[in-house]
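Reviewing the structure listed below.
The values are calculated or read from the model by the stated rules, or taken from the named source; none is laboratory data. None of these values were measured; they are calculated from a predicted model. So basically every Cβ, Gly included, is an ideal-geometry build from the backbone, and we count neighbours across all protein chains shown. For the accessible areas, the whole protein counts, side chains as well, though only heavy atoms, and no ligand, DNA or RNA atoms are used. Shrake-Rupley method; radii C 1.70, N 1.55, O 1.52, S 1.80 Å.
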Amino acid sequence: GFTAARRRTEALFALRRLIALEPSLDNYLKEGQLAAEQNDNRGAAVAFLNAGELQEKAGASGLESYAMAHSLDGSNRAVALAYARGLLDKNDFAQAAEVLMPFAGASDAPMELQEVHIRALLGDKRFLEAEPFVWGLYEKDPGRLPQVAELIGALIEDHNNEQALELSRKVQRHMTRTGQQREFTALMKEISE
């Protein structure tokens, strides 16, 4: 009734109450459209994010909804992460890296966001840009050594030998401090093979 009477503010309010009772894909898409018409870009982005998540749960791609959400509010970190994951699924590494670039360097960036950003950079063969992010995760979690080794190998294959050597030295210093010289030697042998 509110929509037919062109009372969009009341329609959006009523729709949001309805979503609290019945969070369906159609309702989220309607909310996103109505909120965008009301210039509530943040609210519209959240609605499209929710729609994309429901689409993924149903086994479909939520990429279109995530793209819409990101176009409405590019400052929403959750939206950017969902959109970048969808782009990675389509092997659009360059776009995924760009979407996450504003968030990846933040000190409070969640681990999942950093991992997706690294995957995007490595997939786009931007190895030099990926190095500080890979190293940062390794410093927080030494269990990520295989990812560092993968990056060293990729740098060598990409003929960035100096950068690969420098990263290897950083790993050596780090592993020597923790008494893992044998593990480092085994790692270097694996990379060279």
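When every residue of the range 23-44 is checked against the conditions, at least one turns out to be charged (D, E, K, R), in contact with a Leu (Cβ under 8 Å, 6 or more places away or on another chain), in a helix (DSSP H, G or I) and open to solvent by 70 Å² or more (accessible area, probe 1.4 Å). The residues in the range 154-193 that are without any contact (Cβ under 8 Å) to a residue 24 or more places away in the chain, open to solvent by less than 90 Å² (accessible area, probe 1.4 Å) and in a loop (DSSP other than H, G, I, E, B) can be counted, and the count is 2. For residue 129, the test of being within 20 Å of the chain's Cα centre (by Cα) and among the acidic types (Asp, Glu) is passed.
Just for helices (runs of 4 or more DSSP H) wholly inside the range 76-131: which have at least 3 residues that are of a type in the set (D, E, K, R)? Reasoning before the result, please.
On the way: elements: 77-89, 93-104, 111-123.
Where helices (runs of 4 or more DSSP H) fall fully within the range 76-131 and carry at least 3 residues being of a type in the set (D, E, K, R), they are 77-89, 111-123.
Scanning the range 83-94 finds no residues that are within 21 Å of residue 154 (Cα to Cα), crowded, with 20+ Cβ neighbours inside 10 Å, small (Gly, Ala, Ser) and in contact (Cβ under 8 Å) with a residue 12 or more places away in the chain. Of the set (1) open to solvent by 60 Å² or more (accessible area, probe 1.4 Å); (2) farther than 30 Å from residue 130 by Cα; (3) among the small types (Gly, Ala, Ser), all apply to residue 105 but (2). Output yes when any residue across the range 11-21 is crowded, with 21+ Cβ neighbours inside 10 Å, aromatic (Phe, Trp, Tyr) and not in a loop (DSSP other than H, G, I, E, B), and no when none is. Checking the range 11-21: not a single residue is crowded, with 21+ Cβ neighbours inside 10 Å, aromatic (Phe, Trp, Tyr) and not in a loop (DSSP other than H, G, I, E, B).
Only one of the numbered conditions (1) in a helix (DSSP H, G or I); (2) open to solvent by 50 Å² or more (accessible area, probe 1.4 Å) is violated by residue 134, and that is (2).
A quick yes/no check of all residues on (1) at pLDDT below 95; (2) touching a helix residue (DSSP H, G or I) at 6+ places or on another chain (Cβ under 7 Å); (3) among the aliphatic types (A, V, I, L, M); (4) under 29 Å from residue 180 (Cβ atoms):
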residue: 80; (1), (2), (3), (4): no, yes, yes, no
residue: 83; (1), (2), (3), (4): no, yes, no, no
residue: 86; (1), (2), (3), (4): no, yes, no, no
residue: 92; (1), (2), (3), (4): no, no, no, no
residue: 95; (1), (2), (3), (4): no, yes, no, no
residue: 106; (1), (2), (3), (4): yes, no, yes, no
residue: 111; (1), (2), (3), (4): yes, no, yes, yes
residue: 134; (1), (2), (3), (4): yes, yes, yes, yes
residue: 146; (1), (2), (3), (4): yes, no, no, yes
